[in-house]
Amino acid sequence: MATKNKLGDLMINGFGTASGGEFDQVSINGKGTVNGDLQCHFFECNGSGAVNGDIKSEIVKISGNAKINGKVYTTDLKVEGRGVIKGNVLMSKMVISGTSFVDGNVKGEELKVQGKIVVDGDCEVEAFKAEGQFKVEGLLSAETIEIYTYGESRAKEIGGQTIKVKEKSNFLLNLLKTVKSVQLEADLIEGDHITLENTKAKVVRGNQIIIGQNCEIDLVEYKETFKTEKNGYVKESKQI
């Protein structure tokens, strides 16, 4: 059942369908569908929800299972459950502790991945930090990129000013390593200051480059300094 109260809130508890529009708060707690674009201050999905349109909201929180068949414009996006977004995401801050699939591009200021995110397009932010898994089919671009390898992650191209890929070590990860890869894979990694561990890449290009443990790099192109540490392997390197 869907009800709109006098405060301009849209609440769906149990099974319900509602039309889009402008609201203060939108909450889907059961199995709900909203047909049309939504504009609100706060959107949350705790149950199983679908929005057949775009969402413009200051805060978007997905704790259940949500499918948004449109774009998302928000200041603060949190995915603690499972979120599928068919369009682009434009945000200030995005935190993924569950699982998120974005068919379009992701653009904003800050993205933190503690769970898993898959982006079919490009991901352009100012700060990117991953302690979980990610897959970016296009370009992953940020001023600062900090990746702690957990499971298998991939981006076609990675670009930034400072790029650090480090091994996140604990007992469970050591167990995980025996059964599957915990490497980051990329065709191209390009930046000013690059420090890599647990990385497999075709080309790494930058000013100052350190290739550390468990790295397999086909080609390093560097302007200022380049060195390998521990068992880091580089097939070919050249100063440019």
- Around Leu38, which amide H atoms from residues at least 5 apart in sequence, or from another chain, sit under 5 Å from its own amide H, with H modelled in the peptide plane? Gly21, Asp54, Ile55, Lys56
- Item | Long-range amide H partners of Ile158 with built H, under 5 Å | Leu140, Leu188, Ile189, Glu190
- Over 32 Å (Cα to Cα) - which of Lys61/Lys230; Lys107/Lys235; Lys31/Lys116; Lys107/Lys238 fall in this group: Lys61/Lys230; Lys107/Lys235; Lys107/Lys238
- Packing-based ranking, highest mean first, of 76-83, 155-162 given that Cβ atoms within 10 Å are counted: 76-83, 155-162
- Item | Nearest-10 value in Å² for the accessible area of Leu139, using the 1.4 Å probe | 60
- So how much accessible area does Lys235 have, in Å² to the nearest 10, using a 1.4 Å probe? 150
- Note on the structure: Regression test value, accessible area per residue of the chain, probe 1.4 Å, units Å², expected 48
- Query: How high is the FRET efficiency from Glu167 to Ile59, r the C-beta distance, R0 35 Å, rounded to 0.05?
  - Reply: 0.55
- Starting from the Cα of Lys156, step 7 Å along the direction of its Cβ; do the same at Glu126; then give the gap between the two resulting points in nm. 2.7
- 222 nm [θ] for the chain, helices only, -39500 (n - 2.57) per DSSP H run of 4+, per residue, to 500? -500 deg cm²/dmol
- To the nearest 20 debye, what charge dipole does the chain have about its Cα centre, counting +1 at the Cβ of each Lys and Arg and -1 at the Cβ of each Asp and Glu? 680
- Can you tell me how much longer the chain between Lys93 and Val118 gets when fully stretched, taken as 0.36 nm per residue apart minus their C-alpha distance, in nm with one decimal? 7.3 nm
- Item | Structure-derived Rg and Dmax of the Cα atoms in Å - corresponding label in (1) 20.5, 68; (2) 16.6, 56; (3) 18.2, 58 | (1)
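For region 1-102, what is the charge dipole size about the Cα centre, in debye to the nearest 20, if Lys and Arg each add +1 at the Cβ and Asp and Glu each add -1 at the Cβ?
In total the dipole reaches around 260 debye.
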- Message: Can you compute the modelled spin-label distance between Asp218 and Asn231, with each label point 7 Å from Cα toward Cβ, in nm?
- Response: 2.3
- Message: Starting from 0.36 nm per residue, how many nanometres of slack lie between Lys107 and Phe15 once their C-alpha separation is accounted for?
- Response: 29.8 nm
- Note on the structure: Whole-percent carbon and sulfur contribution to the accessible surface of the chain (1.4 Å, no ligands, DNA or RNA) stands at 45
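The values are calculated or read from the model by the stated rules, or taken from the named source; none is laboratory data. Note that the structure is predicted; figures quoted are calculated from it, not measured. Neighbour counts run over all protein chains shown; Cβ positions are idealised from the backbone, glycine included. Accessible surface areas use protein heavy atoms only, side chains included; no ligands, DNA or RNA. Shrake-Rupley method; radii C 1.70, N 1.55, O 1.52, S 1.80 Å.
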